Amino acid sequence: MKLLRRGFLTGIAALASSRGVLASDMRIDGAVVVTCTSKGISGIISEGEGGALLDPSFRWHIGSNTKAMTAALYARMVDRGVCRWGTSVGDLFPAMPCHAAWNTIRVEHLLSHASGLTDSVVDGPWLDRWRVDRRPVREQRRAVVEHILSSPPAEQPGTYRYGNLNYVLIGAAVEEAAKAPWEEVLRAEIFAPARMTEAGFGAPPRMGPWGRELVDGALQHVDPVGVADNPAVLWPSGGVNVSASAYAEFLSVFLRDGAPLLEPNTLSRLLTPVAPELRYAGGWSLDGPTGSPARVLSHNGSNTLWFASALIDRQRGRGYAAVTNCGGEKGAALTARLLEHVSRP
């Protein structure tokens, strides 16, 4: 399964049918859109297929909008004095052998997808190899980083080239600084203070909508207990699942100058690309004046079984996100339609 560059999500999922069939025994599909302000969630609109009811407590996979959470985590560690802005990639991993080229590439290059690193190695066999790796996930990420740092980046640093491995390096850098797995640190430093009580990693729980893939022209459900997400080694770039209300709490952070996660100056630095012409920073595509802070933040995410889109209009003080348990063009079109509907002035 290929990891796609799409990303944000809101949640809502399945209830049992009126005849009392357990939700785990039936599949309920649909989409949901959530809105928020600086105060948190302000509305949810659900659109269940076939009249299905969608429960706000269930979770949806947000794909690559996990990147905004990983970026915010690094920034929070800066506020705590554990990490620093301007650190070279080599200095992020001081105990590892490192090609000299990485000593001139900074953490901001990774956050802007401008490190020269590409996802050329992330193919089917690569994903399958990491799925069966039984080492602790922190050791797996260290192994990925060691391989990356053993040679110079494939492309010229300073040029935008979207790559999930940039954020795997960010997640691994947090692990190096905190001496703990990215998942553990994200729970403590982002989920807990942001009151994201319904959030986790990998495919969402079975009790709720399952992701769907197109097989022979028809959408087929994929059991989350099976191969329903990318391997854990990649999760800092796209492996969070979350409910609608929890996701709204995270989005609202960007509408109140970072509170309670980040200091205002830290948020501003996070949303400033490494070069003005680059329109990406901190897990977000940026729109508005080239100087920080960007007026509009947006991102899409999909692991091919789900699709999610998010938009934060900081000038208007409104945030929006839409998600469906359907990847591909159908999921993209549906979330785009929902966002267009709710974000009209």
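The values are calculated or read from the model by the stated rules, or taken from the named source; none is laboratory data. Just so it is clear, the model here is predicted, and its values are computed rather than measured. Using ideal geometry, Cβ is built from the backbone for each residue, glycine included, and neighbour counts are taken over all protein chains shown.
Are any of the residues in segment 147-168 part of a loop (DSSP other than H, G, I, E, B), more than 26 Å from residue 252 (Cβ to Cβ), charged (D, E, K, R) and touching a Ser or Thr at 6+ places or on another chain (Cβ under 7 Å)?
Within segment 147-168, one or more residues are part of a loop (DSSP other than H, G, I, E, B), more than 26 Å from residue 252 (Cβ to Cβ), charged (D, E, K, R) and touching a Ser or Thr at 6+ places or on another chain (Cβ under 7 Å).
Looking only at residues in segment 99-111 that are crowded, with 21+ Cβ neighbours inside 10 Å and under 17 Å from residue 151 (Cβ atoms), which one is farthest from the chain's Cα centre (by Cα)?
102
Pairs under 9 Å by beta carbon, first residue farther than 26 Å from residue 102 by Cβ and aliphatic (A, V, I, L, M) in segment 116-135, partner at pLDDT 95 or above and assigned to a loop (DSSP other than H, G, I, E, B), six or more apart or different chains?
132/231
Considering every residue within segment 26-39, establish whether at least one is modelled with pLDDT of 85 or more, surrounded by fewer than 16 Cβ atoms within 10 Å (Cβ to Cβ) and either touching a strand residue (DSSP E or B) at 6+ places or on another chain (Cβ under 7 Å) or within 30 Å of residue 128 (Cα to Cα) (or both).
Checking segment 26-39: not a single residue is modelled with pLDDT of 85 or more, surrounded by fewer than 16 Cβ atoms within 10 Å (Cβ to Cβ) and either touching a strand residue (DSSP E or B) at 6+ places or on another chain (Cβ under 7 Å) or within 30 Å of residue 128 (Cα to Cα) (or both).
Considering only segment 303-325, I want to know if a residue exists there that is more than 20 Å from residue 69 (Cα to Cα), without any contact (Cβ under 8 Å) to a residue 40 or more places away in the chain, not β-branched (Val, Ile, Thr) and not in a strand (DSSP E or B).
Yes, the conditions are met somewhere in segment 303-325.
Can you tell me which residue within segment 227-280, out of those that are part of a strand (DSSP E or B) and under 13 Å from the mean Cα position of the chain (by Cα), is surrounded by the most Cβ atoms within 10 Å (Cβ to Cβ)?
Taking segment 227-280 first, the residues part of a strand (DSSP E or B) are 240-243, 280.
Okay, now just the ones that are also under 13 Å from the mean Cα position of the chain (by Cα), so 240-242.
On the way: 240: 35, 241: 27, 242: 31.
Ranking the qualifying residues of segment 227-280, first place goes to 240.
Out of curiosity, is residue 253 modelled with pLDDT of 95 or more, of a type in the set (Val, Ile, Thr) and more than 14 Å from residue 58 (Cα to Cα)?
For residue 253, the condition - modelled with pLDDT of 95 or more, of a type in the set (Val, Ile, Thr) and more than 14 Å from residue 58 (Cα to Cα) - is met.
Table: residues versus (1) without any contact (Cβ under 8 Å) to a residue 40 or more places away in the chain; (2) closer than 27 Å to residue 308 by Cβ; (3) touching an Asp or Glu at 6+ places or on another chain (Cβ under 8 Å); (4) loosely packed, with under 15 Cβ neighbours inside 10 Å.
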position: 64; (1), (2), (3), (4): no, yes, no, no
position: 69; (1), (2), (3), (4): no, yes, no, no
position: 73; (1), (2), (3), (4): no, yes, yes, no
position: 77; (1), (2), (3), (4): no, yes, yes, no
position: 84; (1), (2), (3), (4): yes, no, no, yes
position: 88; (1), (2), (3), (4): yes, no, no, no
position: 97; (1), (2), (3), (4): no, no, yes, yes
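Would you check if there is a residue in segment 137-151 being polar (S, T, N, Q) and closer than 26 Å to residue 284 by Cβ?
Checked against the condition, which is being polar (S, T, N, Q) and closer than 26 Å to residue 284 by Cβ, segment 137-151 yields no hits at all.
Within segment 40-62, can you find the residues that are assigned to a loop (DSSP other than H, G, I, E, B), without any contact (Cβ under 8 Å) to a residue 40 or more places away in the chain and crowded, with 17+ Cβ neighbours inside 10 Å?
Of everything in segment 40-62, just one residue is assigned to a loop (DSSP other than H, G, I, E, B), without any contact (Cβ under 8 Å) to a residue 40 or more places away in the chain and crowded, with 17+ Cβ neighbours inside 10 Å, namely 52.
Taking the conditions exactly as written (in contact with a strand residue (DSSP E or B) (Cβ under 7 Å, 6 or more places away or on another chain), of a type in the set (Lys, Arg) and on the phi < 0 side of the Ramachandran plot), does residue 316 satisfy them or not?
The answer is no for residue 316.
Out of all the residues in segment 317-325, is one or more at pLDDT 95 or above, surrounded by fewer than 19 Cβ atoms within 10 Å (Cβ to Cβ) and not aliphatic (A, V, I, L, M)?
Within segment 317-325 (the criterion being at pLDDT 95 or above, surrounded by fewer than 19 Cβ atoms within 10 Å (Cβ to Cβ) and not aliphatic (A, V, I, L, M)), the answer is yes, since at least one residue qualifies.
Of the numbered conditions (1) surrounded by 16 or more Cβ atoms within 10 Å (Cβ to Cβ); (2) among the basic types (Lys, Arg); (3) more than 30 Å from residue 52 (Cβ to Cβ), residue 212 satisfies every one except a single condition; which is it?
Here residue 212 meets the rest and fails (3).
When the residues of segment 204-237 are filtered to those that are among the small types (Gly, Ala, Ser) and in contact with a Phe, Trp or Tyr (Cβ under 8 Å, 6 or more places away or on another chain), which remaining residue is nearest to residue 173 (Cα to Cα)?
237
Of these, 146, 175, 139, which one is surrounded by fewer than 18 Cβ atoms within 10 Å (Cβ to Cβ) and free of Cβ contacts under 8 Å to residues at least 40 places away in the same chain?
Working: 146 fails: free of Cβ contacts under 8 Å to residues at least 40 places away in the same chain; 175 fails: surrounded by fewer than 18 Cβ atoms within 10 Å (Cβ to Cβ).
Just one listed residue meets the conditions, 139.
Can you tell me which of 277, 213 is without any contact (Cβ under 8 Å) to a residue 24 or more places away in the chain, on the phi < 0 side of the Ramachandran plot and touching a Ser or Thr at 6+ places or on another chain (Cβ under 9 Å)?
Testing whether each residue is without any contact (Cβ under 8 Å) to a residue 24 or more places away in the chain, on the phi < 0 side of the Ramachandran plot and touching a Ser or Thr at 6+ places or on another chain (Cβ under 9 Å) leaves just 277.
Assess whether residue 55 counts as being at pLDDT below 95 and over 22 Å from residue 318 (Cα atoms).
yes
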